[in-house]
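Below is one structure, written out as structure tokens, with a few remarks after it.
The values are calculated or read from the model by the stated rules, or taken from the named source; none is laboratory data. Source: prediction; values computed, not measured. For neighbour counting, all protein chains shown are included, and Cβ atoms are generated from backbone atoms with ideal geometry for every residue, glycine included.
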Amino acid sequence: MHDADAWLLRHLWPELAPLTLGAGALAIASFVNFRTGAQLKQAIESAEEGRSSTRSLLLFGLGALAGCVRTISFDSTSERLRASMAVEVFAARLLEEPQVSSQGEASASQEQRASVSVASMESDVALCADFILKLQNLVRYTSSIVGGTVTMFRASWKLSAAVWPLLVTGALHGARAGAKRSAKSAEALAATREEASAFAEERLQHLDLVRWFCRAEEEAKQFGKLCDASVAIASRSARVRGASHLVLDWAAKSVLLGLASLGSQLVARGELTAGELTSYFFHASFLGLGLYGLVGLMPEVAVARAAARRLAGVVAAGRRKEAKAADSTSLSKPLAPLPLSFEDVHFRYSEAEVLCGFSLQLAAGETCALVGLSGCGKTSALRLLLRDFESSSGKITLGGQLVQMLDLAHVRTLISVAPQAPALLGTSVASAIAFGASGEASKEQIEAASKAASAHDFVKCRPQGYETPVGRGGELLSGGERQRLALARALIREAPILLLDEPTSGLDAATASALAQAVLSPRPSRPTTLIATHSLALIRSCETVAVVSGGRVVQRGSFSELITDSSGHLAQIMRSGELEET
């Protein structure tokens, strides 16, 4: 059994009872349909003889009730299955990490997480859920095949022995070939649609850039080319299906002609009457309809299995992450800040070596500003500490423990982070801040974090206060407001390590100074703080300044010590105009 089949069955198993009920109801409804002709005959005869048609009405009522039960069972089960699969796949997607080679190399394309997009994930889940609705067709077609076969052999075993193997063998071959072709086409079509969807999502997320650079027409044309690729694959698949339909239909009609010829010979010899031959063709039509439906259904089942295979791959990757985490060790989350250190760390990003012998030690509760020209590796050092990537060599420790030996999720409970150009997740200001809390955050905790991040004043000026909507990713707020709320989100976590990446970006000098005072002022509970920044206000407020150049720390000390060295790296950076007052 393939992994995709096992994954589907695991979700189907809890729904076995309603599925069985629906299948049974469908079988009853199909039986009533088979009996419709006989019941109509009996109704006419009963009317002529003055008898009641109550039995026929009861049978039709049973069929209608069975149809109702079938609809409720299959439709509700399909939606429950969709929800079950969507939740599991979404949970697995949340465990995804950027991939890194064994040499500690990361690529930009990998960082874009170019796996299954939200749109394609929804499409695959819908295909698998619709598979439940296809199951009722499978029951219907199977009952037609079985019923048609039984009645055909009862009417004339000679005709059936001649034609049945040809029809069934041809149909099974066509179904198997169609399923194989459809699976390949579905994979190719899903890949091209995913590429087009990712292209569109990226452009729509950065619509301002498209407008500012007058790229609307060119981007629309490029999207059209990607869509044309999908159309080409779908058209090629349609032509193959059309050709298959032509061959199968012609073959089926040819078999029927041969059957008519053979039947006429049996009539001529007196082995069959004309009425019996007509009745035989009527029953054979049930077999033909069932086989024809089955041939058309198999490609759809193959497409659903292909979707299940993609989703099962996502879930399997998430489970591997969980299994790896289970083999790791953990520290108990301390109440006090932790020391951290980088020792001769090397790291490559794409083709460039970003960190080359990076070494830095911070005592518990120490505040340090990472300073350097843009692209020198400050943000990369923070991301290595978060284990977004793994270093190719060297040691990174938290509280004296190698971070590579610690459970990844546990490492991140020890660290709070405010990234550069942050997004906000939450429907309101309060929920966006509370997102960073380790547990449930009280109103007092939310407001305290907001005040520490210099966000409380602007929030209270809004009519809705902390219930002010932030929009998707914080789009309803200004850049400076998003920055302050992101810092509040980091502070409410109260982690022993605090990482800040350009936290004063978009803030005025007064706000930046107030923020530096609130975050960096000495206090017993102050976390060990590492800040990648170009802000002089933050640099002056930190106990230690580490200047980064060429992927390593080339100068370290207090701001007052380093600034007196006119030939030092910090002085050179200040003369270059790289640092800002905010």
Taking only the stretch 259-279 into account, find how many residues are of a type outside the set (A, V, I, L, M, F, W, C) and free of Cβ contacts under 8 Å to residues at least 60 places away in the same chain.
-> 8
Give GLY372, GLY400, GLY426 a once-over and let me know the one that is within 28 Å of LEU536 (Cβ to Cβ), of a type outside the set (Val, Ile, Thr) and touching a residue at least 12 places away in the same chain (Cβ under 8 Å).
-> GLY372
Within the stretch 364-402, the count of residues that are in a strand (DSSP E or B), of a type in the set (Ser, Thr, Tyr) and within 18 Å of VAL417 (Cα to Cα) comes to 2
Residue check for GLY439: modelled with pLDDT under 90 and out of contact with any helix residue (DSSP H, G or I) (no Cβ under 7 Å at 6 or more places or on another chain) = yes
Helices (runs of 4 or more DSSP H) contained in the stretch 535-582 and holding at least 3 residues under 44 Å from the mean Cα position of the chain (by Cα) = 536-541
How do the pairs read when you match residues in the stretch 116-142 that are of a type outside the set (Ser, Thr, Tyr) with residues anywhere that are modelled with pLDDT under 75 and not in a helix (DSSP H, G or I), using Cβ under 7 Å and keeping only pairs 6 or more apart or on different chains?
-> none
When (1) buried (at least 17 other Cβ atoms within 10 Å of the Cβ); (2) under 22 Å from ALA518 (Cβ atoms) are applied to SER442, the one that fails is (1)
Go through the stretch 403-443 and count every residue that is of a type in the set (D, E, K, R), outside the structural domain of LYS378 (by TED's automatic domain parsing) and not in a helix (DSSP H, G or I).
-> 1
Can you name every residue in the stretch 526-580 that is among the small types (Gly, Ala, Ser) and either within 20 Å of SER505 (Cα to Cα) or in contact (Cβ under 8 Å) with a residue 24 or more places away in the chain (or both)?
-> ALA532, SER535, ALA537, SER541, ALA546, SER549, GLY550, GLY551, SER576, GLY577
Which condition does CYS214 not pass, out of (1) over 28 Å from LEU277 (Cα atoms); (2) assigned to a helix (DSSP H, G or I), if it passes all the others?
-> (2)
Of the residues SER185, SER230, SER160, which is surrounded by 14 or more Cβ atoms within 10 Å (Cβ to Cβ), without any contact (Cβ under 8 Å) to a residue 24 or more places away in the chain, of a type in the set (Ser, Thr, Tyr) and assigned to a helix (DSSP H, G or I)?
-> SER160
Identify, by number, the condition in (1) part of a strand (DSSP E or B); (2) under 21 Å from ALA423 (Cα atoms) that GLU475 doesn't meet.
-> (1)
Inside the stretch 508-534, can you point out the residues that are farther than 22 Å from ARG556 by Cβ, touching a Ser or Thr at 6+ places or on another chain (Cβ under 6 Å) and surrounded by fewer than 24 Cβ atoms within 10 Å (Cβ to Cβ)?
-> ALA509, THR511, ALA514
From the list SER576, SER505, SER521, SER525, which one is within 19 Å of LEU414 (Cβ to Cβ) and either in the same structural domain as GLY377 (by TED's automatic domain parsing) or of a type in the set (Gly, Ala, Ser) (or both)?
-> SER525
Across the stretch 498-524, the tally of residues that are free of Cβ contacts under 8 Å to residues at least 40 places away in the same chain and among the small types (Gly, Ala, Ser) stands at 5
From the list ALA47, ALA17, ALA6, ALA64, which residue is assigned to a helix (DSSP H, G or I), at pLDDT below 65 and either surrounded by fewer than 13 Cβ atoms within 10 Å (Cβ to Cβ) or among the aromatic types (Phe, Trp, Tyr) (or both)?
-> ALA47
Of all residues in the stretch 403-422 being of a type outside the set (Val, Ile, Thr) and free of Cβ contacts under 8 Å to residues at least 60 places away in the same chain, the one that is nearest to LEU382 (Cα to Cα) = ARG412
Does SER558 qualify as being assigned by TED's automatic domain parsing to the domain that holds PHE342 and over 21 Å from GLY377 (Cα atoms)?
-> no
If we keep only residues of the stretch 235-250 that are of a type in the set (Gly, Ala, Ser) and surrounded by fewer than 15 Cβ atoms within 10 Å (Cβ to Cβ), then the residue nearest to ALA162 (Cα to Cα) is ALA243
Only residues that are in contact with a helix residue (DSSP H, G or I) (Cβ under 8 Å, 6 or more places away or on another chain), at pLDDT below 90 and among the hydroxyl-bearing types (Ser, Thr, Tyr): list them for the stretch 468-499, please.
-> none
Taking the residues in the stretch 466-478 that are over 28 Å from the mean Cα position of the chain (by Cα) and without any contact (Cβ under 8 Å) to a residue 40 or more places away in the chain as candidates, determine which candidate is surrounded by the most Cβ atoms within 10 Å (Cβ to Cβ).
-> TYR466
Inspect all residues belonging to the stretch 500-507 and state whether any of them is in a helix (DSSP H, G or I), in contact with a helix residue (DSSP H, G or I) (Cβ under 6 Å, 6 or more places away or on another chain), crowded, with 19+ Cβ neighbours inside 10 Å and of a type in the set (A, V, I, L, M).
-> no
Scanning the stretch 196-211 for residues that are without any contact (Cβ under 8 Å) to a residue 60 or more places away in the chain, assigned to a helix (DSSP H, G or I) and out of contact with any helix residue (DSSP H, G or I) (no Cβ under 7 Å at 6 or more places or on another chain) gives GLU202, LEU204, GLN205, LEU207, ASP208, LEU209, ARG211
